Amino acid sequence: MSNGPPDGAPATVSDFRLDKYEVTVGRFRQFVAAWNGGWTPPAGSGKHTHLNGGRGLVGSGEAGAYEPGWVASDGAYVAPTASNLECGGSFSTWTPSAGDSENMPINCVNWWESYAFCIWDEGFLPSEAEADYAAVGGGEQREYPWGDTDPGTMNQYAIYGCYYPSGSGTCTGLENIAPVGTAAIGAGLWGQLDLTGNVWPWTLDWLAAYAEPCIDCADLTTSPYRTHGGADFHDPTSYLVSSAQHAGNPPQYRDTVLGFRCARSP
């Protein structure tokens, strides 16, 4: 994992809609069926088409660059098989058939699978700036998505520190990951839940510092890492604050702490 831009990097974000919940196992199961049935994203799909006359986000620091959208060769990296989606053994939320984990956040997904899902679901993967904007409450610049109240250890605000479900502080397996929305009073300014904690959400950008100014921008220059934000179910309190919301991993990376949510045009 690598760190991203520093806290306080300025960005301007136009209106968009962000899903209330992280993508669940049950929703992802429908996508897997579609993918296995032959569905693939159309070339160029997945862009923020409500911006810049359909061209999408501007490339950070890249004159004249806009989102490329889905590229046919991206499909080679989408492989939502049982073995891949069970990358973490007892911490994996995926099950071969529908069961008790359908409302859990899907984990062990790579970046391309997150991107493809959001296209299939008629949305797009949010940029890092968009995800950060929601997490800090826009201009309110909140310490945590819900405000400045200490999250405590009772799982009301966020799922973190291995405190779910019993407050023990020790992680033992799947039981330490909560169904989406469990931390019900930890909602952000616009109602989204689990903006920090439970699983880290993949975001669109390659990992780099924002351009200044960043106006509806994303970093589109290939690098070793794609961005993700938030904290996960076993991270300490210090990872929950807005200043810790920038990190990345290789896009092929799979881990039980990585999931995603989608965004949509306003």
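The values are calculated or read from the model by the stated rules, or taken from the named source; none is laboratory data. Being a predicted model, the structure only gives us computed values, none of them experimental. Cβ sites come from the backbone with ideal geometry, for glycine too, and all protein chains shown count toward neighbours.
Data for the structure
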{"item": "Near pairs, Cβ below 7 angstrom, 6+ apart or cross-chain, from the stretch 38-62 (on the phi > 0 side of the Ramachandran plot) to any residue that is buried (at least 16 other Cβ atoms within 10 Å of the Cβ) and in a helix (DSSP H, G or I)", "result": "Gly46/Tyr115; Gly46/Cys118; Gly46/Ile119"}
{"item": "Subset of the stretch 138-151 (residues that are among the small types (Gly, Ala, Ser) and at pLDDT 95 or above)", "result": "Gly147"}
{"item": "Test: residue in the stretch 114-125 that is closer than 24 Å to Cys214 by Cα and aliphatic (A, V, I, L, M)", "result": "yes"}
{"item": "Single residue of Gly167, Gly99, Gly139 found to be more than 25 Å from Pro251 (Cβ to Cβ) and either in a helix (DSSP H, G or I) or hydrophobic (A, V, I, L, M, F, W, C) (or both)", "result": "Gly139"}
{"item": "Subset of the stretch 136-170 [buried (at least 18 other Cβ atoms within 10 Å of the Cβ) and of a type in the set (A, V, I, L, M, F, W, C)]", "result": "Val136, Trp146, Ala158, Ile159, Cys162"}
{"item": "Hits in the stretch 223-248 - residues which are in a loop (DSSP other than H, G, I, E, B), at pLDDT below 95, touching a helix residue (DSSP H, G or I) at 6+ places or on another chain (Cβ under 8 Å) and of a type in the set (A, V, I, L, M, F, W, C)", "result": "Ala231"}
{"item": "All positions within the stretch 209-239 that are without any contact (Cβ under 8 Å) to a residue 24 or more places away in the chain and within 23 Å of Thr196 (Cα to Cα)", "result": "Ser238"}
{"item": "Checking Glu67 against (1) under 18 Å from Cys214 (Cα atoms); (2) surrounded by fewer than 21 Cβ atoms within 10 Å (Cβ to Cβ); (3) modelled with pLDDT of 95 or more; (4) not aliphatic (A, V, I, L, M), the condition it does not meet", "result": "(2)"}
{"item": "Subset of the stretch 63-73 (residues that are in contact with a Ser or Thr (Cβ under 9 Å, 6 or more places away or on another chain) and either outside any loop (DSSP other than H, G, I, E, B) or on the phi > 0 side of the Ramachandran plot (or both))", "result": "Gly69, Ala72"}
{"item": "Whichever residue in the stretch 92-113 is under 22 Å from Pro224 (Cα atoms) and touching a Pro at 6+ places or on another chain (Cβ under 8 Å) and, among such residues, is surrounded by the fewest Cβ atoms within 10 Å (Cβ to Cβ)", "result": "Trp112"}
{"item": "Residue list for the stretch 189-205, restricted to those being part of a loop (DSSP other than H, G, I, E, B) and within 15 Å of the chain's Cα centre (by Cα)", "result": "Gln192, Leu193, Asp194, Leu195, Thr196, Gly197, Asn198, Val199"}
{"item": "Condition broken by Ala208, with the remaining ones in (1) among the small types (Gly, Ala, Ser); (2) more than 30 Å from Val78 (Cβ to Cβ); (3) modelled with pLDDT under 95; (4) in a loop (DSSP other than H, G, I, E, B) satisfied", "result": "(2)"}
{"item": "Asn103 vs. criteria at pLDDT 95 or above, in contact with a Phe, Trp or Tyr (Cβ under 8 Å, 6 or more places away or on another chain) and either closer than 21 Å to Phe233 by Cβ or of a type outside the set (Lys, Arg) (or both)", "result": "no"}
{"item": "Residue among Ala187, Ala183 that alone is within 26 Å of Pro151 (Cβ to Cβ), touching a residue at least 12 places away in the same chain (Cβ under 8 Å) and surrounded by fewer than 19 Cβ atoms within 10 Å (Cβ to Cβ)", "result": "Ala187"}
